[in-house]
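Asks: Have a look at this one.
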Amino acid sequence: MKTSTCPSSLYLLFFFTIFFDSFTASRFNIPRLSPIKGAILQEPELLSSERNISGDYEDLFYNQTLDHFNYRPESYSSFQQRYVISSKYWGGSNSSSPIFAYLGAEAPLDNDVLSIGFLPDNAVRFKALLVYIEHRYYGKSIPFGSRKEAFKNTSTLGYFNSAQAIADYAEILMYVKKQYHAEDSPVIVVGGSYGGMLASWFRLKYPHVALGALASSAPILYFDDITPQDGYYSIVTKDFREASETCYQTIRDSWSEIDKVASQPDGLSILSKKFKTCFPLKMASELKGYLLELYSAAAQYNQPLRYPVNVICGGIDGEASGSDILSKIVAGVAAYEGDHKFCYFSPKNESETAVGWSWQGCSEMVQPIGIVNNTMFPHDPFNQTLFNSHCNTLYGVPPRPHWVTTYYGGHNIKLILRRFGSNIIFSNGLKDPYSSGGVLENISDSVVAVNTVNGSHCLDILGKNYGDPDWLVKQRETEVGIIEGWITKYYADLKELKIYGNRNL
C-alpha cells in the first residue's frame, strides 16, 4: 500500500473508524459509505497507481476544469480526470444505443470497475457503451499536480465537493457523446451509496445529460435531521436480534463487561490478550470502537451467501456453555475475521478514502448519525456542537450541515419530487442500516423505490453470482425493466421529433 504525503493532521480517520482527537476526546460513530465492503477493518488497499484496468476497458483522461462555478482566473485551471470506457458491446454511433455511466465516489475507480457488475451484466442486452468516471481528489484524478498540494490547506480543498464532482461528470459525458458521435444516445447514470446520492442529484441537476438514474443504497435523507439519528444503529441491532436473540443479548451486555475488566489493575492488558489485539490497548474505548465497527460492517454488507451477521452470531452462540460474555464475543470476532489470524484490530494505514471523506464529512456531507436508545450499543448521541469544534480544529472551517438539503433538497421530498423529478430508481435492501436514510416509497410513476426485505448495501449493482437468491434476481430484473421503459419512451420521442423536425425547439 502506498503511503500518502498529506499533512498528518488530515490523516485523522473520520467516517470509517471510531477516532478520538486530543481536543474534544469525542467519538463520532459515522459508518463508512461505499458500495464495496473491502477490508473494512484494516482499510482497503486502494491501488490506484499499482493496478491497471485492462482487457475490454480503455483507461483515459479528460482535461477537467478546476472550478465550474466561478470566473476568477484561477478557476480556469485544469487537472487530469480519469475515466474508463468499454465499447465491447456498444451498438455504435448510428444506433443511438444507450450509455451506462457509473459515477465514482469516495475511492479510486479501479475496484468499482471490477466489482460493479450492473453495467457489464446488462451491456449486451442494451448494446450499451460503458463509462466509469473517477471522483475528483481520489485515485488519479488529483488537482494541483499532487495529493500533497491538493490536500495542502482549505484553499486547495475548497474545490473538493459534490457540486463540482457532478459538474465534472456532466462535462465528461457530454465530451464522450461528442467524441463517439453519440449525441442521440440516452445516458443512464448509476451509483451506489454516496455515488448513489450523486446519481440521483445528477438526474435532478442535469436532466439534459442523463435520461435516468439508478441510485443504489443512497441515504439522501440522512441529512439535516430528516432521519432520526439512531436510524442506522437501530437497523444494525434489528439485524442481529433477528439472527439470534441470545447473540443480541450477549453483545448488549458486553459493553459494561469490557468497562468492568478495563477498570481492574492490568485490565487493559487482560483485554489486549483476550482479544489478541495487534497492539496494547490504551483505552477500553478503542476495543469498543473496533467491535462497533465490526458489527456495523457485518450488518451493512450482510451479503449472501456468507451472511456475516449469522457468522458472528454463530461464533457467539457456539461458544461452550458456561463461557463468560467476553469469551463469547471473542469467538464471534474469530468467526468473522478468521481464527487463523495472528492478531485482530491492527493499526491502520490511512487510505485515500479515509482522508478524502474526512474533508467531505467536515464540509458538506454532514450526516448526524448517533446512538440514542433501544439499540444493543452504548448510548452515544451525535453532538453537532462537538462535531463543529472537531472539524474547525482539523481544517479551520466549520461544517455546513444544512447545505445538502439547501442545494439538492430533501425536506418534503414526496411533495417536491412528485412534480419536479422523474426517472430515478431508489433501490434499497432493508437490512442495510443506511436504508433508514433512503427513499423507501414511490414518489411518482417514474421516481420509484425498489426494495428487498433481505437486501444489504448496494447488493443490486454488484456482479451477478451463481448463488444469488431469487429476491435479488427479481430486484435487478425490476430495475432493468424500468430502465428499459425509460429508453423505449425516449426512442419514441426521438423518432417523433425527427419526423417533425423540431429537435432543437
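The values are calculated or read from the model by the stated rules, or taken from the named source; none is laboratory data. Since the structure is predicted, the reported quantities are computational estimates derived from the model, not experimental observations. For neighbour counting, all protein chains shown are included, and Cβ atoms are generated from backbone atoms with ideal geometry for every residue, glycine included. Only protein heavy atoms, including side chains, enter the accessible area calculation; ligands, DNA and RNA are left aside. Shrake-Rupley method; radii C 1.70, N 1.55, O 1.52, S 1.80 Å.
Asks: Report yes if some residue within the range 422-435 is open to solvent by less than 10 Å² (accessible area, probe 1.4 Å), over 30 Å from Thr250 (Cα atoms), touching a helix residue (DSSP H, G or I) at 6+ places or on another chain (Cβ under 8 Å) and of a type in the set (Gly, Ala, Ser); otherwise report no. Walk me through it before giving the result.
Replies: Step one: filter the range 422-435 for residues open to solvent by less than 10 Å² (accessible area, probe 1.4 Å), giving 424-429, 432-435.
Still in the running and over 30 Å from Thr250 (Cα atoms): 424-427.
From what is left, the residues that are touching a helix residue (DSSP H, G or I) at 6+ places or on another chain (Cβ under 8 Å) are 424-427.
Okay, now just the ones that are also of a type in the set (Gly, Ala, Ser), so 427.
Within the range 422-435 (the criterion being open to solvent by less than 10 Å² (accessible area, probe 1.4 Å), over 30 Å from Thr250 (Cα atoms), touching a helix residue (DSSP H, G or I) at 6+ places or on another chain (Cβ under 8 Å) and of a type in the set (Gly, Ala, Ser)), the answer is yes, since at least one residue qualifies.
Asks: With (1) over 23 Å from Ile371 (Cα atoms); (2) open to solvent by 10 Å² or more (accessible area, probe 1.4 Å); (3) not charged (D, E, K, R) as the list, and Gly267 as the residue in question, which single condition is left unmet?
Replies: Every condition holds for Gly267 apart from (2).
Asks: Of all the residues that make up the range 46-82, how many are farther than 21 Å from Asn161 by Cα and either at pLDDT 95 or above or polar (S, T, N, Q) (or both)?
Replies: Number satisfying all stated conditions: 7.
Asks: Quick one: in the range 297-331, which of the residues that are aliphatic (A, V, I, L, M) and open to solvent by 10 Å² or more (accessible area, probe 1.4 Å) is farthest from Ser272 (Cα to Cα)?
Replies: Taking the range 297-331 first, the residues aliphatic (A, V, I, L, M) are 297-299, 305, 309, 311-312, 316, 320, 325-326, 329-331.
Applying the additional criterion that residues be open to solvent by 10 Å² or more (accessible area, probe 1.4 Å) yields 305, 311, 320, 325, 330-331.
Values: Leu305: 32, Val311: 23, Ala320: 21, Ile325: 16, Val330: 11, Ala331: 15 Å.
Top of the filtered list is Leu305.
Asks: Given the residues Glu441, Glu479, which is the only one that is out of contact with any Asp or Glu (no Cβ under 9 Å at 6 or more places or on another chain), charged (D, E, K, R) and not in a strand (DSSP E or B)?
Replies: Result of the check over Glu441, Glu479: Glu441.
Asks: Cβ-Cβ below 6 Å, separation at least six or inter-chain, first residue in the range 441-470 and closer than 20 Å to Val309 by Cα and at pLDDT below 95, second of a type outside the set (Ser, Thr, Tyr) and surrounded by fewer than 22 Cβ atoms within 10 Å (Cβ to Cβ): which pairs?
Replies: Here the result reads Gly467/Leu305, each pair linking the range 441-470 to a residue that is of a type outside the set (Ser, Thr, Tyr) and surrounded by fewer than 22 Cβ atoms within 10 Å (Cβ to Cβ).
Asks: Scanning the range 63-117 for residues that are over 20 Å from the mean Cα position of the chain (by Cα) and part of a helix (DSSP H, G or I), which turns out surrounded by the most Cβ atoms within 10 Å (Cβ to Cβ)?
Replies: Ser93
Asks: Of the numbered conditions (1) over 19 Å from the mean Cα position of the chain (by Cα); (2) over 30 Å from Asp184 (Cβ atoms); (3) of a type in the set (Gly, Ala, Ser); (4) modelled with pLDDT of 95 or more, Gly139 fails exactly one; give the number of that condition.
Replies: For Gly139, the exception is condition (1).
One line per residue, one yes/no per condition, for (1) open to solvent by 30 Å² or more (accessible area, probe 1.4 Å); (2) under 25 Å from the mean Cα position of the chain (by Cα); (3) of a type in the set (D, E, K, R); (4) under 26 Å from Lys414 (Cβ atoms):
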position: Pro469; (1), (2), (3), (4): no, yes, no, no
position: Thr478; (1), (2), (3), (4): yes, yes, no, yes
position: Tyr491; (1), (2), (3), (4): yes, no, no, no
position: Ile499; (1), (2), (3), (4): yes, no, no, no
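Asks: Pick out, from the range 158-259, the helices (runs of 4 or more DSSP H) lying fully within it that include 1 or more residues that are closer than 24 Å to Trp90 by Cβ and open to solvent by 40 Å² or more (accessible area, probe 1.4 Å).
Replies: Fully inside the range 158-259 and qualifying: 162-179.
Asks: Pick from the range 140-153 the residues that are of a type outside the set (A, V, I, L, M, F, W, C) and either free of Cβ contacts under 8 Å to residues at least 12 places away in the same chain or open to solvent by 10 Å² or more (accessible area, probe 1.4 Å) (or both): which of them is nearest to Thr65 (Cα to Cα)?
Replies: Looking at the filtered set, the residue picked out is Gly145.
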